[in-house]
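The values are calculated or read from the model by the stated rules, or taken from the named source; none is laboratory data. Since the structure is predicted, the reported quantities are computational estimates derived from the model, not experimental observations. All Cβ positions, glycine included, derive from the backbone under ideal geometry; neighbour counts span all protein chains shown. The area values use the complete protein model at the heavy-atom level, side chains included, leaving out ligands, DNA and RNA. Shrake-Rupley method; radii C 1.70, N 1.55, O 1.52, S 1.80 Å.
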Amino acid sequence: MKLKLGILVSGNGSNLQAIIDAIEQGLLDAKIEVVISNNPEAYALRRCEKHGINYVILKHEDYTSREEFDRAMVSIMQHYEVELVVMAGFMRILTPEFIRAFPLRIMNIHPALLPSFPGLHGQKKAFDYGVKFSGCTVHFADEGVDTGPIIIQAVVPVYPDDTVDTLAARILKEEHRIYPQAIQWFAEGRLEVKGRKVFLRDGGSPAPGVLINPPLTMF
Ligand code: GRF
C-alpha cells in the first residue's frame, strides 16, 4: 500500500519535485493525493501539471480567519484520506486545530540545524551569525514554530567565500535528499517517537568521525 501524501506549498516547489522524482524512480513508496497551495502563482503548481498531480488553490484572503482557512485544508486532506501531510515551503503557520487533526502526521523541512535559527530565512540567519556549519532539518510539526521532534538532519560546511546564496544552494541540495528519505521511513513505519525523540528502527550508525571547520592545523 502506498502512503497517501497531502503536500502544502507556496512557492518554487523544489522539495515537491524531489518527492515526485523519488516516487517516479520507485524509491519512495507513496502517492501524492493532493497538493494545496495558498499562492495561485506558485511554480510548484506548474510542476503538478507537468506530472499529472491533483492540486487545489486556497487563497487565504478568501477566508475570514486562519482557523477557517485551516478547516478548509483539513477537509480537503480528509477527503483524499491523506495519511501524511508534508509541508514543502508552505509559508503559513498552521493553527493548533490543523496540527491536532494530524498528530505526528505532519512533516516540515527547515533550512537550518534546528533548534538554531527557526522561523523565516534560516539560511541567512545562520550565515550572518557566522556559524561554520549549517544544514537542514526534517521534523514533525507541533504547535510551535519549527519546534517538533527531529527526524533527520544534514550538515554542510560554511566556506569563507560563501554568500547567503551559495550556502542556501548547498543546503537545498541536501533538503532534496533528506526529505524523501524521511517520508520513506514514515511509509515503512520505521519512525518511533518517544517524547521529543524520534528513533529509526533498524537504522545504521552515522559514519564515525568529527566535523571540524576550519580543519585543525596543529594536530
Ligand atoms: C526550503 O528552503 C525549505 O527548507 C523551506 O522553504 C523552502 C522551500 O523551497 N521550508 P521549495 O519551494 O521546496 O523550493
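Here are the numbers for the structure shown:
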item	result
Förster-model FRET efficiency, 45 Å R0, Thr64 and Phe133, C-beta, rounded to 0.05	0.55
Extension gain (nm, one decimal) between Ala72 and Ser116, 0.36 nm per residue minus Cα-Cα	12.6 nm
Label-point separation, Arg100 to Glu192 (7 Å along Cα→Cβ), nm	2.9
The range 1-102: C-alpha gyration tensor shape, a/c 1.5 cut-off, then a/b vs b/c	oblate
The chain - mean residue ellipticity at 222 nm from DSSP helices (-39,500 (n - 2.57) per run, n ≥ 4, rounded to 500)	-10000 deg cm²/dmol
Fraction in percent of alpha-carbon pairs per bin - 10 Å, the chain	8, 32, 36, 18, 4, 1, 0
Highest to lowest packing among 102-110, 54-62, scored as the average C-beta count within 10 Å	102-110, 54-62
Only Lys, Arg (+1) and Asp, Glu (-1) charged, at Cβ; the chain dipole about Cα centre in debye	380
Cα-projected label distance for Glu81 with Ala207, points at 7 Å along beta-carbon direction, nm	4.2
Per residue accessible area in Å² of the chain, where ligands, DNA and RNA are left out and the probe is 1.4 Å	54
Within straight-line cross-link reach of Lys125, aspartates and glutamates at Cα separation under 19 Å, skipping those fewer than 8 residues along the same chain	Asp146, Asp161, Asp162, Asp165, Glu174, Glu175
Whole-Hz couplings from phi, Karplus 6.51/-1.76/1.60, listed for the range 202-219; x for Gly and Pro	6, x, x, 8, x, 3, x, x, 10, 9, 10, 9, x, x, 4, 10, 10, 10
Rounded Å value of the spacing that divides the Cα centres of the range 100-150 and the range 178-219	15
Surface accessible to a 1.4 Å probe, Lys124 within the full protein complex, Å²	100
Distance cut-off 24 Å, percentage of C-alpha pairs in the range 108-213 lying past it	25
Interchain or long-range residues, amide H under 5 Å from Val86's placed H	Gly6, Ile7, Leu8, Met107
Those residues of the range 160-188 whose amide nitrogen sits under 12 Å from the label point placed on Asp29, 7 Å along Cα→Cβ	184-188
Rounded percent of accessible protein surface that carbon and sulfur make up, the range 159-219, 1.4 Å probe	58
Net charge, Arg177 excluded, C-beta distance under 14 Å - Lys, Arg +1, Asp, Glu -1	-1
Computed label-point distance, nm, for sites Asp161 and Phe199 using a 7 Å Cα→Cβ extension	4.7
Across Lys50/Lys197; Lys124/Lys194; Lys31/Lys59, pairs whose alpha-carbon gap is larger than 27 Å	Lys50/Lys197; Lys124/Lys194
Total charge dipole magnitude, the range 1-102, about the Cα centre, Cβ charges on Lys, Arg, Asp, Glu only, Debye to nearest 20	120
Distance-filtered residues of the range 57-80 - backbone nitrogen under 19 Å, label point 7 angstrom along Lys2 Cα→Cβ	77-80
